[in-house]
Amino acid sequence: MPDNGPGPRETVLEVTGLRRSYGAVRAVDDVSFVLPEGGSLGIVGESGSGKTTTARIIVGLERADGGKVLVAGRNRTARGEGRGRVRRLARAREVQMVFQDPYLSLDPRTGVEAALRETLRLHFPGRDHARRTRELLDQVGLGTRAADALPRQLSGGQRQRVAIARALAVEPSVLVLDEAVAALDVSVQAQILNLLADIREQTGIAYLFITHDLGVVRCVTDEIVVMRHGRIVEAGATPEVLAAPRHPYTRLLLESVPRPGWDPEAIAAARRAL
């Protein structure tokens, strides 16, 4: 974990009273949390819990019906906040997102180095792009051997490393990872999670992990938020919540992880009773 010196760390992301509805469905209902500089927060829940909608609002891909998202004290949800090319680029440099399927987020016709250079030219036109591109490839463990490769020529893990490098290229304060390792083999998941831990230690970037996988949360987050039906039902330090969950839904999520003696029928009955 990054060494931020003595005393409390500054808050880099503050979400307050966030709301988003689709017709009669409240996808996000009064969601609030904070993420400190260099911190790692996991938002956990099943499909339909509202975790991905929350993430998309934070990044700016969806609009909130109410509430605030502050990054370094700047309100990203204010009307007119994202208008104008300069402001849109500045907002993109505050928060970046890595998606579950990197193949869909990469241009299949563009090689790795070209994709990174394009991002750098857009955000930092006056910099040494060749040097920065090499730094980014090294940072995510690819090196120059993958510089000319197209996405289809890379493995899933390598494509996710490219997606992470492209997000890091703009030097964001917050990196949102939406099920970023869910589609990878277990061994590759571990490699990517170790890579992310190293990057956080080196750079002090803050992570917001969106996941249904409690194993991922246990490995890489300091704090956890559990969502159900758009609302937060439990929150706290990750080790404490996972060791002694207070809410029945959190306990159900933990009990749903397959293990010796696992009883799926009992889990299904407990789910219906909630």
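The values are calculated or read from the model by the stated rules, or taken from the named source; none is laboratory data. Nothing here was measured: the structure is a model prediction, and the numbers come from that model. Note: ideal-geometry Cβ built from the backbone for every residue, glycine included; neighbour counts use all protein chains shown. In case anyone asks, the SASA skips ligands and DNA or RNA and just uses the protein heavy atoms, side chains included. Shrake-Rupley method; radii C 1.70, N 1.55, O 1.52, S 1.80 Å.
Which of [x] 16.3; [y] 21.7; [z] 14.6 is the computed mean projected area of the Cα convex hull in nm² for the structure on display?
Working out mean projected area of the Cα convex hull in nm² from the coordinates points to [x].
Of all accessible surface on the chain at a 1.4 Å probe, what whole percent is carbon and sulfur?
Details: 6640 of 13720 Å².
Of the solvent-accessible surface of the chain, carbon and sulfur hold 48 percent.
Along Cα→Cβ, 7 Å out, is where each label goes; now give me the distance between the ones at Val25 and Ala149 in nm to one decimal.
3.7
Not counting ligands, DNA or RNA, and with a 1.4 Å probe, what is Asp198's accessible surface area in Å² rounded to the nearest 10?
80
With every protein chain kept in the model, how would you rank Asp263, Asp178, Asp138, Asp222 by accessible area, 1.4 Å probe, largest at the top?
On the way: Asp263 75, Asp178 20, Asp138 105, Asp222 40 Å².
Solvent-accessible surface, decreasing: Asp138, Asp263, Asp222, Asp178.
Under 8 Å for C-alpha pairs, at least 6 residues apart: give me the relative contact order for segment 50-183, rounded to a whole percent. Present the calculation step by step, with values, prior to reporting the outcome.
Numbers: 160 pairs, mean separation 45.0, N = 134.
So the answer I get is 34 percent.
7 Å from Cα along Cα→Cβ at both Asn75 and Arg109: what's the point-to-point distance in nm?
It is 4.2 nm.
Explain nothing, just the number: dipole magnitude of segment 1-123 about its Cα centre with +1 on each Lys and Arg Cβ and -1 on each Asp and Glu Cβ, in debye rounded to the nearest 20.
Details: 20 positive and 15 negative charges, 140 e Å.
Using Cβ point charges on Lys, Arg, Asp and Glu, segment 1-123 gives about 680 debye.
Calculate the dipole size of the chain relative to its Cα centre from +1 charges on Lys and Arg beta carbons and -1 charges on Asp and Glu beta carbons; express the result in debye to the nearest 20. Provide the component values of the computation, followed by the final result.
Working: 38 positive and 33 negative charges, 230 e Å.
So the magnitude is around 1100 debye.
Per 0.36 nm of contour for each residue apart, how much would the distance between Leu274 and Val34 grow if the chain were fully extended, relative to their Cα-Cα spacing? Let's see the in-between values first.
Details: separation 240, 0.36 × 240 = 86.40 nm, distance 2.78 nm.
Here the answer is 83.6 nm.
Counting only helical runs of four or more DSSP H residues, what would the 222 nm mean residue ellipticity of the chain come to if each run contributes -39,500 (n - 2.57) and the total is spread over all its residues? Please list the in-between numbers first.
Values: 11 runs with 108 residues, N = 274.
So the calculated ellipticity at 222 nm is -11500 deg cm²/dmol.
How much accessible area per residue does the chain have, counting only protein heavy atoms and a probe of 1.4 Å, in square angstrom? Can you show the working numbers first?
Values: 13720 Å² over 274 residues.
About 50 Å² of surface per residue is accessible.
How much accessible surface area, in Å² rounded to 10, belongs to the heavy atoms of Glu46 with a 1.4 Å probe?
60
What spacing in nm lies between the two simple spin-label points modelled at Glu201 and Leu89, each 7 Å away from Cα in the Cβ direction?
3.5
With helices defined as uninterrupted DSSP H runs, which ones in the chain have an alpha carbon span along their own long axis of at least 20 Å and mean Kyte-Doolittle hydropathy of at least -0.5?
Numbers: long enough: 186-203 (26 Å, 0.30).
Counting only whole DSSP H runs, the qualifying helices are 186-203.
If I take every Cα pair under 8 Å that is 6 or more residues apart in segment 11-243, average their sequence separation and divide by the length, what percent do I get for the relative contact order?
On the way: 441 pairs, mean separation 69.3, N = 233.
Relative contact order comes out at 30 percent.
Report the trypsin sites (Lys or Arg not before Pro) located in segment 17-119 that are in a DSSP loop and have at most 10 other Cβ atoms inside 10 Å of their Cβ, or state none.
On the way: sites: Arg19, Arg20, Arg26, Lys51, Arg56, Arg63, Lys68, Arg74, Arg76, Arg79, Arg83, Arg85, Arg87, Arg88, Arg91, Arg93, Arg109, Arg117; in loops: Arg63, Arg76, Arg79, Arg83, Arg109.
When the trypsin sites (Lys or Arg not before Pro) of segment 17-119 are filtered for loop state and at most 10 Cβ neighbours within 10 Å, Arg79, Arg83, Arg109 remain.
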